[in-house]
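To start, the structure itself, in structure tokens.
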């Protein structure tokens, strides 16, 4: 296995985007290039059937490089998220084929899944890769997982669930779920937590309205993400409780078992994913940890002249090339 070379271009932030909160907020509110996948010429909508009968909706965008990159979004997102559209556009400029994947019930998949997704749905990712490899076995198959999906991708690789991707990139993955769930409820981070909870409550209501879930689960207005996982995620996903879910689905203690080329990209100033968690990991030789000093949570705004650019686009293109070579 060839060694993966680190991306050497630093993320030097604009004056107005210094610090993790500024990076996180502006990184997700400033305009991003890239069309919605369903509107891209040549886009193909697919439904992937899971073992329990639920279905996921994916969008495949054409390319000619022989590399197919599968993009998986973060908590409460979908394929239309800014970072998903932008990454897809950057990859396609390089000629790569792209699959953008909605987790259960997200985006165009509303009404197709009674089950829920969470930070440990490696079997769902495995099903997508199985469908993709069956359709195009000759391609190089890579995965980029953002935030929650980054942890899922690392967990999949550590579990060795075939078919594995040929390589993966995890962006700001919460590899220690309990630690991240505590951190997101502290101080200004509570604003992010409230936003996640508003969107998660909406997803729960949609499943009830669509007739997919009969029981009504009340999530108190003052609830935390830990409360949500205790009341909804854990019982709906077969875990004993929230603590059991966090323990079984955190990729941190299992990283030493990863046997494919992998890259973890994160930021030292991520407001709610502590970079010290990554440094505690036992990483095998084929896994590269890239901790950028500045970037927030999937923000990574860099200064360019009098304006700004998304540093992460260049980093991901570099690491896709490195994984293809490896």
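The values are calculated or read from the model by the stated rules, or taken from the named source; none is laboratory data. Just so it is clear, the model here is predicted, and its values are computed rather than measured. Virtual Cβ from ideal backbone geometry, glycine too; neighbours counted across all protein chains shown.
Observations, loosely collected:
- The residue list 136, 153 contains one member that is touching a strand residue (DSSP E or B) at 6+ places or on another chain (Cβ under 9 Å), over 25 Å from residue 5 (Cα atoms) and in contact (Cβ under 8 Å) with a residue 24 or more places away in the chain, which is 136.
- The listed residues are 267, 240, 262, and the only one of them that is over 27 Å from residue 17 (Cα atoms), touching a residue at least 60 places away in the same chain (Cβ under 8 Å) and touching a helix residue (DSSP H, G or I) at 6+ places or on another chain (Cβ under 8 Å) turns out to be 262.
A quick yes/no check of all residues on (1) surrounded by fewer than 21 Cβ atoms within 10 Å (Cβ to Cβ); (2) in contact with a helix residue (DSSP H, G or I) (Cβ under 9 Å, 6 or more places away or on another chain):
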| position | (1), (2) |
| --- | --- |
| 121 | no, yes |
| 126 | yes, yes |
| 131 | yes, no |
| 142 | no, yes |
| 153 | no, yes |
| 159 | yes, yes |
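- Of the criteria (1) crowded, with 21+ Cβ neighbours inside 10 Å; (2) assigned to a helix (DSSP H, G or I), which one residue 263 fails: (2)
- Just one of the listed residues (42, 34) is touching a strand residue (DSSP E or B) at 6+ places or on another chain (Cβ under 8 Å), part of a loop (DSSP other than H, G, I, E, B) and farther than 18 Å from residue 143 by Cα, and it is 42.
- Test: residue 165 is assigned to a loop (DSSP other than H, G, I, E, B), farther than 30 Å from residue 222 by Cβ and over 19 Å from the mean Cα position of the chain (by Cα): no
- Within region 192-210, being closer than 14 Å to residue 222 by Cβ and touching a helix residue (DSSP H, G or I) at 6+ places or on another chain (Cβ under 9 Å) holds for 193, 197, 201.
- Residue 295, sole failed condition from (1) closer than 22 Å to residue 196 by Cβ; (2) without any contact (Cβ under 8 Å) to a residue 60 or more places away in the chain; (3) assigned to a loop (DSSP other than H, G, I, E, B): (2)
- Filtering region 219-233 to residues that are in contact with a helix residue (DSSP H, G or I) (Cβ under 8 Å, 6 or more places away or on another chain) and either farther than 20 Å from residue 198 by Cβ or loosely packed, with under 14 Cβ neighbours inside 10 Å (or both) leaves only 220.
- The selection criterion, being within 19 Å of residue 142 (Cβ to Cβ), part of a helix (DSSP H, G or I) and within 16 Å of the chain's Cα centre (by Cα), holds for residue 87.
- Residue satisfying condition, being out of contact with any helix residue (DSSP H, G or I) (no Cβ under 6 Å at 6 or more places or on another chain) and either touching a residue at least 60 places away in the same chain (Cβ under 8 Å) or surrounded by 24 or more Cβ atoms within 10 Å (Cβ to Cβ) (or both), within set 30, 100: 30
- Qualifying positions in region 283-309 - out of contact with any strand residue (DSSP E or B) (no Cβ under 7 Å at 6 or more places or on another chain) and under 27 Å from residue 140 (Cα atoms): 284, 285
- Inter-residue pairs, beta-carbon under 6 Å, first in contact (Cβ under 8 Å) with a residue 40 or more places away in the chain and at negative phi and in region 210-224, second surrounded by 10 or more Cβ atoms within 10 Å (Cβ to Cβ) and in a loop (DSSP other than H, G, I, E, B), 6+ apart: 210/111; 212/114; 224/185
To keep it simple, each residue is scored yes or no on (1) modelled with pLDDT of 95 or more; (2) within 23 Å of residue 270 (Cβ to Cβ).
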position	(1), (2)
21	yes, yes
30	no, yes
43	yes, no
48	yes, no
55	yes, no
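For (1) modelled with pLDDT of 95 or more; (2) closer than 29 Å to residue 87 by Cβ; (3) outside any helix (DSSP H, G or I), each residue gets a yes or a no:
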position: 175; (1), (2), (3): yes, yes, yes
position: 194; (1), (2), (3): yes, yes, no
position: 206; (1), (2), (3): no, yes, no
position: 220; (1), (2), (3): no, no, yes
position: 228; (1), (2), (3): yes, yes, no
